[in-house]
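Notes follow once the structure below has been shown.
The values are calculated or read from the model by the stated rules, or taken from the named source; none is laboratory data. Everything numeric here is computed off the predicted structure, so don't read it as measured data. Here the Cβ positions follow ideal geometry from the backbone for every residue, glycine too, while neighbour counts run over all protein chains shown.
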Amino acid sequence: MKLFKSVIIISLLPLFAWADDISSQKIDSIVEDVMTIFSVPGISVGVIQNGKVTHAKGYGVRAITGDGMVDVDTYFGIASNSKGFTATALALLVEDGKIKWDDPVKKHLSEFKLWDSYITDNFSIRDLLSHHTGLPLGSGDLMWWPDANYQPDEIIRKMRYLKPNRGFRTTYEYNNLPFIVAGALIPAVTGKSYEDFLQQRIFEPLNMDRCTANTPLMANDNNIAVPHAVLDGSLKQIKRYLVIDSVAGSMAAAGIQCSLDDLLKWQMMHINHGQGFMNRNSHDALWQVNTAMNVDEKQMIQDKTHFRGYGLGFSLNDYHGVKVISHGGALIGMYSNLTMAPEIGFAITIVTNQQSGAAYTAIKNQILNYVLDVANPVTTTEIFMSVEKSRLNEQQLSGDGRPALEFDKYVGIYNDHWWDDVEISKNDNGLYFSSKRSPSLRGKLIHFEANVFIVRWDDRNHEADAYVYFSIDNNDQINGFTMKAVSTRTDFSYDFHHINMIKR
């Protein structure tokens, strides 16, 4: 009987008491190895263990052209990790009684309209944050990426022109625009701007003095990471996507800037389920699965994963018996990852100034696997080689030899309902492509075959050259064009394949 009682007592102990602590020396070794292999100029990494910050450190430089070192106070763009802030802000408004999760969006934003009247009438605030709209991956992202100047009110008016490829609330597909709409709810119901609301209700209460959605406040700050990318085989400093002298229209989806020190405060609040900041029920709503995601055989066998899903601004899954809440962020030259395992009081924060998701994944996996005593399935070098193998040599592309029409026939202004005007012009070097709303998406059209061209962007930072497929009418006149990225590695937010340009 005593033995039986002992077994019961042991079984009631915390399930994850076996989690191993990881030393700062071990983290240093992991980070420095990844920085070397992936050519990462600057990075900040923080770790919370057993509910306490045990590691917080900056590595490398803010810019390869300067001498400033990264530290725990360096501002980094956190990209899509902004979504968790937007969802938390709305949870506070639910707690305030200003909105309800199941309110129709149009109750608060009267101009909100989608492709279907039933969906428009029933599209809820919860739907904005759950990635199950029925739209394809990244639909409409060219309205804010890479540099288009659409503001939230304009995006709201233009979403009706986007086309779904699946049923409403049926399956997961990542989309940014609904989070921009979610951010627009805040001024609609409070009279305060998105950036002011976050400052007053999130950043100040959590003592986050180097985290902001009001980027002009950073204008005179020198401790800001600069974006970089590996282009043509070498590390280069590149143009900042989000200028800091104005508040981007995409702020609620991808625009917030934060330091490592502040992000650790943010994650500490979350692994404590909002204690002292918001009530437990309000917080728990963020981490309930709203949209289920598939678990493939590799994830089941290798990761011991039984469920995957998306809550409200956060991804959810189990990993070797531990519930993990996480999110990644990716903009041109700025990548981030936040990973939490609340059951063991654990979190990882990673912010970098190099556009390599594989780099932060290698760091995150090694730290998490060490803590959970799980063998790493692949080495950092193997991850790097896999990424390199996937690169497409776009310069070797060639068509079937069919000639184009006279170039004058392609010249004109073309319009898409949501991406607006593109001009195809002719100069001494041939045809030239100019987007009116995305100033950096301009470049020479290189003939590929028949009425198909490839646009090579003047700004080579994009790594997003695209096919341009001109169409002809019954009178053999050019009447429009569609597009598709040349490389399968092109970021999905260059959603050229969703436009349908009609010649005026």
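One residue alone among N207, N222, N175 is crowded, with 18+ Cβ neighbours inside 10 Å and part of a loop (DSSP other than H, G, I, E, B), and that residue is N175. Just checking, does region 443-460 include any residue being free of Cβ contacts under 8 Å to residues at least 24 places away in the same chain, among the aliphatic types (A, V, I, L, M), over 23 Å from A229 (Cβ atoms) and part of a loop (DSSP other than H, G, I, E, B)? Taking every residue of region 443-460 in turn, none turns out to be free of Cβ contacts under 8 Å to residues at least 24 places away in the same chain, among the aliphatic types (A, V, I, L, M), over 23 Å from A229 (Cβ atoms) and part of a loop (DSSP other than H, G, I, E, B). Using the structure shown, decide if F481 is in contact (Cβ under 8 Å) with a residue 24 or more places away in the chain, out of contact with any Asp or Glu (no Cβ under 8 Å at 6 or more places or on another chain) and on the phi < 0 side of the Ramachandran plot. Yes.
Evaluating Q200 against the criteria (1) polar (S, T, N, Q); (2) farther than 20 Å from V105 by Cα; (3) in contact (Cβ under 8 Å) with a residue 24 or more places away in the chain leaves one unmet condition, (3). Of the residues Y467, Y432, Y414, Y370, the single one that is assigned by TED's automatic domain parsing to the domain that holds S326, aromatic (F, W, Y) and not in a loop (DSSP other than H, G, I, E, B) is Y370. Candidates S124, S117: the one that is without any contact (Cβ under 8 Å) to a residue 24 or more places away in the chain, within 25 Å of the chain's Cα centre (by Cα) and assigned by TED's automatic domain parsing to the domain that holds V289 is S124.
For region 48-72, enumerate the residues that are assigned to a strand (DSSP E or B), more than 24 Å from the chain's Cα centre (by Cα) and closer than 30 Å to E343 by Cα. Outline the logic, then answer.
In the first step, residues of region 48-72 are kept if they are assigned to a strand (DSSP E or B); the result is 48-49, 52-61, 69.
Going one step further and asking which of them are more than 24 Å from the chain's Cα centre (by Cα), we end up with 49, 52-55, 69.
Selection gives Q49, K52, V53, T54, H55.
The residue that is nearest to D420 (Cα to Cα), among those in region 484-498 that are polar (S, T, N, Q) and in contact (Cβ under 8 Å) with a residue 40 or more places away in the chain, is S493.
Within region 103-120, is there a residue that is under 20 Å from W287 (Cα atoms), modelled with pLDDT of 95 or more and either aliphatic (A, V, I, L, M) or crowded, with 16+ Cβ neighbours inside 10 Å (or both)? The answer is yes; a qualifying residue exists. Looking at L142, L135, L198, L185, just one residue is assigned by TED's automatic domain parsing to the domain that holds F123, touching an Asp or Glu at 6+ places or on another chain (Cβ under 7 Å), in a helix (DSSP H, G or I) and crowded, with 23+ Cβ neighbours inside 10 Å, and that residue is L142. Does L93 count as in a loop (DSSP other than H, G, I, E, B) and either assigned by TED's automatic domain parsing to the domain that holds M251 or buried (at least 23 other Cβ atoms within 10 Å of the Cβ) (or both)? For L93, the condition - in a loop (DSSP other than H, G, I, E, B) and either assigned by TED's automatic domain parsing to the domain that holds M251 or buried (at least 23 other Cβ atoms within 10 Å of the Cβ) (or both) - is not met.
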